[in-house]
Amino acid sequence: MSKILKLGFSPCPNDTFIFHALASGAINIEPYNLDITLADVEELNSLARTGQMDICKVSAHAAAHIMNDYILLRAGGAMGRGVGPLLLTREPCTIQALNGKRVAIPGVHTTANLLFSLMCREAGIHVETVEMVFDEIMVAIASGKVEAGVVIHEGRFTFEGMGLAKLADLGKWWEDYSGLPIPLGSIAIKRSLGSEVASLINSAIRRSLTLSQVDPSQSWPYIKGHAQEMDENVIKEHISTFVTDYSMDVGKEGEEAVSRLLREAAQMDSLELPDGPFFIKE
């Protein structure tokens with residue numbers, strides 16, 4: 001009898017590109033079957049924090065809260081340079097101009113919010129954050145509901161069409177601050193499943209990603225069916241931006257980047273990280 005593993009990832013094109021072959025059954029992981037949940041990044045963070053997912057895409061920030069129970073896979077994540085969240089406003093201004101103002105964020109435990117919080121700390125300002133689903137943030141900025149917003153996913157490709165101004169690229173800010181690429185999200189798996197299952201899933205994700213890279217047409221209907229932004233060029237740009245070499249293997253530099261961000265998150269949120277490794281071994 002097959003065993004069920006609960007897998008959660010987002011409907012964003014980079015995730016559906018990576019996981020399509022697993023979701024469609026083209027990749028076999030016997031003796032396991034997958035029960036798949038597609039959800040917004042902050043909902044996924046919550047599902048992982050409450051232990052409802054066996055395997056789950058999580059924000060690098062949220063990972064700091066679950067490391068006692070989960071370990072990170074080496075494949076399937078989102079990381080790179082020049083790929084970070086954007087801080088947007090209606091009119092051009094400085095970070096100091098946001099002191100005391102309302103700023104929309106896509107979730108408290110998103111990497112986007114952690115980066116914004118670190119930037120505010122460095123700038124010596126305090127803001128009132130307002131949590132919103134990520135695809136509502138640009139509308140809220142444009143309508144004046146908030147003074148600014150931290151935008152993720154497709155927003156970095158479409159904000160100019162809404163007449164919004166870029167105050168900062170938070171990924172670039174992180175790169176200047178740390179000298180490292182920005183880890184946006186990782187795939188976490190329950191430690192209780194053991195190293196063999198973790199290696200099996202890590203390998204399966206790599207094979208799934210490889211199939212989409214070899215023949216993108218196979219995954220395209222699945223990707224487009226779940227995408228928030230329907231423009232095909234935007235979808236393709238999203239995939240090329242967020243699916244990088246780090247998505248196949250986090251590598252030494254990627255491990256260093258995630259470890260640095262986890263420590264920043266732990267300090268910001270007053271957490272204690274486990275002594276053991278954050279990533280599975282090869």
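The values are calculated or read from the model by the stated rules, or taken from the named source; none is laboratory data. Only a predicted model underlies this, so the values are computations on that prediction, with no experimental measurement involved. Cβ coordinates were reconstructed from backbone atoms using ideal geometry, including for glycine residues, and neighbour counts include every protein chain displayed. When the accessible area is computed, the model is the full protein with side chains, heavy atoms only, and any ligands, DNA or RNA have been set aside. Shrake-Rupley method; radii C 1.70, N 1.55, O 1.52, S 1.80 Å.
Classify region 59-208 as rounded, prolate or oblate, taking a ≥ b ≥ c as the square roots of the eigenvalues of its Cα gyration tensor: rounded when a/c is under 1.5, otherwise prolate if a/b is larger than b/c and oblate if not.
Values: a/c = 2.27, a/b = 2.03, b/c = 1.12.
Cα axes put region 59-208 in the prolate bin.
Assign one of three labels to region 1-127, namely rounded, prolate or oblate, based on the Cα gyration tensor with a ≥ b ≥ c the square roots of its eigenvalues; rounded applies when a/c is under 1.5, prolate when it is not and a/b is larger than b/c, and oblate otherwise. Kindly include the intermediate steps, with their values, before the conclusion.
Numbers: a/c = 2.99, a/b = 2.26, b/c = 1.33.
Prolate, since a/c reaches 1.5 and a/b exceeds b/c.
For a test of understanding, tell me how many lysine pairs in the chain have Cα atoms under 14 Å apart, given they are 8 or more places apart or on different chains. Don't skip to the answer; put the middle values down first.
Working: Lys6/Lys57; Lys6/Lys190; Lys57/Lys190; Lys101/Lys145; Lys224/Lys236; Lys252/Lys281.
Number of lysine pairs found: 6.
Search the structure for amide H atoms under 5 Å from the amide H of Tyr70, placed 1.01 Å from N in the peptide plane, and list their residues when 5 or more places away or on another chain.
Those qualifying (amide H under 5 Å, at least 5 residues apart or on another chain) are Arg191.
Apply the a/c threshold of 1.5 to the C-alpha gyration tensor of region 162-230 and tell me whether it is rounded, prolate or oblate.
Working: a/c = 2.52, a/b = 1.27, b/c = 1.98.
Here region 162-230 falls in the oblate category.
What net charge is computed for the residues neighbouring Val103, neighbours being all others with C-beta under 9 Å from the C-beta of Val103, Lys and Arg scored +1, Asp and Glu -1?
0
Which whole-Hz couplings ³J(HN,Hα) result when phi for each residue of region 266-282 is put into the Karplus expression 6.51 cos²θ - 1.76 cosθ + 1.60, θ = phi - 60°, listed in order with x for Gly and Pro?
Going residue by residue, I get 4, 5, 5, 9, 6, 10, 10, 8, x, 6, x, x, 8, 10, 5, 7, 5 Hz, with x marking Gly and Pro.
I'd like the Karplus ³J(HN,Hα) series for region 251-265: coefficients 6.51, -1.76, 1.60, θ = phi - 60°, whole numbers in Hz, and an x wherever there's a Gly or Pro.
The phi angles translate into x, 5, 5, x, 4, 4, 5, 5, 4, 5, 5, 4, 5, 4, 5 Hz.
Under a Cβ-Cβ cut-off of 15 Å, what is the net charge of the residues other than Arg263 that fall near it, where Lys and Arg count +1 and Asp and Glu count -1?
Overall, the nearby charge balance is -4.
Hey, any idea what % of region 103-204's accessible area is carbon plus sulfur with a 1.4 Å probe?
Values: 1830 of 3840 Å².
Looking at region 103-204 in its full context, I get 48 percent from C and S.
Roughly how many nanometres apart are two label points built 7 Å out from the Cα toward the Cβ at Asn28 and Val133?
Result for the modelled spin labels: 3.9 nm.
Karplus couplings for region 56-65 from phi (6.51 cos²θ - 1.76 cosθ + 1.60, θ = phi - 60°), rounded to Hz, Gly and Pro as x?
8, 6, 9, 4, 4, 5, 5, 4, 4, 8
In a shell of Cβ-Cβ distance under 11 Å around Ala21, excluding Ala21 itself, what net charge do Lys and Arg (+1) and Asp and Glu (-1) give? Before the final figure, lay out the partial values.
Details: positive: Arg206, Arg207; negative: Asp215.
Surrounding charge for Ala21 is +1.
Multiply the residue separation of Val214 and His226 by 0.36 nm, subtract the distance between their alpha-carbon atoms, and state the gained length in nm to one decimal. Mind showing how you got there, number by number?
Numbers: separation 12, 0.36 × 12 = 4.32 nm, distance 2.09 nm.
Full extension from Val214 to His226 adds 2.2 nm.
Given H placed on each backbone N at 1.01 Å, which residues far from Thr37 in sequence or on other chains put an amide H within less than 5 Å of it?
The answer is Leu7, Gly8, Phe9.
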